[in-house]
Amino acid sequence: MKRALITGITGQDGSYLTEFLLARGYEVHGLIRRSSSFNTGRIDHLHVDRHEGQPRMLLHFGDLSDGTGLRRALETIQPDEVYNLAAQSHVKVSFDMPEYSADIVGMGALRLLEAVRDHATHLNRPVRFYQAGSSEMFGAAPAPQNEKTPFHPRSPYAVAKVAAHWFTVNYREAYGLYACNGILFNHESPRRGETFVTRKITRAISRILAGRQAKLYLGNLDARRDWGFAGDYVEAMWLILQQPEPDDYVIATDQTHSVRAFLEEAFGLVRRNWQDFVELDPRYLRPAEVDLLLGDASKARQKLNWTPKVDFKALVRMMLRADMIDEGLDPDAFMD
Ligand code: NAP
Ligand code: G4F
């Protein structure tokens, strides 16, 4: 049985990747942070009590700021594959907490790479490493963006992701580590954090329909993103680690839409005009914006044989339906 270690297992991608790997027979180990409130909501449905069965998802306390703990986790788990998904992943928050974001996103990746390198060397066992790179690294670079596009990051988060990207390339070149970067464009789902713009919109619509919210306050509506479905993207993460040689890949839908277009699609599904509900709050504007992300994932299509299955319209509908059900509404009463 293959063993995987996932940092960030409690996040959106960690939960889908865990489901994906369990379905393929893996034993999945996840690093979780100690929290004063429960933070395992996205993976609770995968939990099997040790006293009642044979769990294949096992959780360990740890943090990317704690290098000793990372080393201990590797020694204990002895994974075949390590997926580094943990991050302070909110771009706007990274302007408020730049040092912390850089430490977890940039230095955290380095700490984990160091632990993997030593573990692989001392025990002479091959370990494959996946780094969760981001289209934010392209920032102001002209679209469409692919593996050859030079990075031009526009936030502390994105700068730190560029550092993590190059640490990963460096450990591949310097130590022969099987280390890969997935450069993933935005991917969403019903499990998306509530403060990212897509989920903020679908959740607000559901609350408006339920009479629990009157207005939706947003920032820049002109920004364009290449939005895909997280469930499709975790398959690409796994495929990246199954190739004969380690490499870096852009993962995207190759389609872009503005925040305004997302609003039109989502409010349109429930036959409402978004202009009646949406107002600008300058607090949601960023000191530097990324205007246009549009991926070119042709390398992944050719080499990984990967294609996204869920398109933009299906994604918006999926997220809206899930939030309406959460809100106690019957989606079929509002949508065609
Ligand atoms: P997410 O939902 O925000 O999840 C982030 C995960 O990281 C959570 O499990 C969180 O734990 C954990 N974490 C945060 N700080 C940590 C720390 N100091 N030590 C250990 N764990 C920590 O993010 P996501 O959307 O699943 O994204 C997964 C990864 O892909 C991230 O690295 C993100 O930057 C990157 N990425 C995401 C996208 C996207 O569109 N979703 C695109 C490109 C790249 P808690 O649950 O305890 O907070
Ligand atoms: O949903 P967002 O916060 O996602 P963003 O900044 O693109 O970052 C996400 O995708 C990256 C991949 O490209 C990941 F690396 C990163 O971890 C994260 O998952 O914002 C999308 C756009 C931005 O242009 C933002 O300015 O929506 C705009 N926006 C407008 N009003 C808003 C809002 N974003 C948020 N979060 N909240 C608003 O009220």
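The values are calculated or read from the model by the stated rules, or taken from the named source; none is laboratory data. Computed from a predicted structure; not experimentally measured. Using ideal geometry, Cβ is built from the backbone for each residue, glycine included, and neighbour counts are taken over all protein chains shown. Protein only, heavy atoms only, side chains kept; ligands, DNA and RNA dropped before computing areas. Shrake-Rupley method; radii C 1.70, N 1.55, O 1.52, S 1.80 Å.
Helix 156-175 and the longest principal axis of the C-alpha atoms of the chain enclose an angle of approximately 30°. Modelled spin labels at GLU264 and ARG50, positioned 7 Å past Cα toward Cβ, are 5.5 nm from each other. Once all protein chains are placed together, THR149 keeps about 20 Å² accessible to a 1.4 angstrom probe. Sorted from longest to shortest, the spans of the Cα atoms of the stretch 180-286 along the three principal axes equal 53, 27, 21 Å. Per atom type, the stretch 136-187 shows carbon and sulfur on 57% of its accessible surface, probed at 1.4 Å.
Computed from Cα positions, the angle between helix 230-240 and the longest principal axis of the chain comes to roughly 20 degrees.
Of the GluC sites (Glu not before Pro) found in the stretch 223-297, those in coil by DSSP whose Cβ has at most 16 other Cβ atoms within 10 Å are GLU289.
Here, P(r) means the percent of Cα pairs in each 10 Å bin from 0 to the largest distance; for the chain it is 6, 25, 34, 24, 9, 2, 0. With loop membership from DSSP and a limit of 16 other Cβ atoms within 10 Å, the longest segment of the chain without trypsin sites (Lys or Arg not before Pro) is 51-147.
When the pairs LYS161/LYS303; LYS92/LYS148; LYS148/LYS215; LYS2/LYS161; LYS2/LYS92; LYS2/LYS313 are compared against a 32 Å limit on Cα-Cα distance, LYS148/LYS215; LYS2/LYS92; LYS2/LYS313 fall above it. Between the alpha-carbon centres of the stretch 27-75 and the stretch 259-336 there is a gap of 31 Å. Applying 0.36 nm per residue to the separation of ASP96 and GLN213 and subtracting their alpha-carbon distance, the gain on full extension is 39.4 nm.
Provide the gained length on full extension for the span THR40 to ARG301, in nm with one decimal, where the gain is 0.36 nm per separating residue minus the Cα-Cα distance. Let's see the in-between values first.
Working: separation 261, 0.36 × 261 = 93.96 nm, distance 3.32 nm.
Here the segment from THR40 to ARG301 would lengthen by 90.6 nm.
For the stretch 32-95, chymotrypsin sites (Phe, Trp or Tyr not before Pro) meeting the loop criterion (DSSP other than H, G, I, E, B) and having at most 14 other Cβ atoms within 10 Å: PHE38.
With all protein chains in place and a 1.4 Å probe, the accessible surface of the stretch 7-68 carries 47 percent carbon and sulfur.
Computed from the alpha carbon atoms alone, the convex hull of the stretch 88-214 holds 138 Å³ per residue. For the stretch 279-327, the square roots of the Cα gyration tensor eigenvalues, ordered a ≥ b ≥ c, give a/c of at least 1.5 with a/b no greater than b/c, which places it in the oblate category. Think of a 1.4 Å ball rolled over the protein heavy atoms: the chain then has 45 Å² of accessible area per residue.
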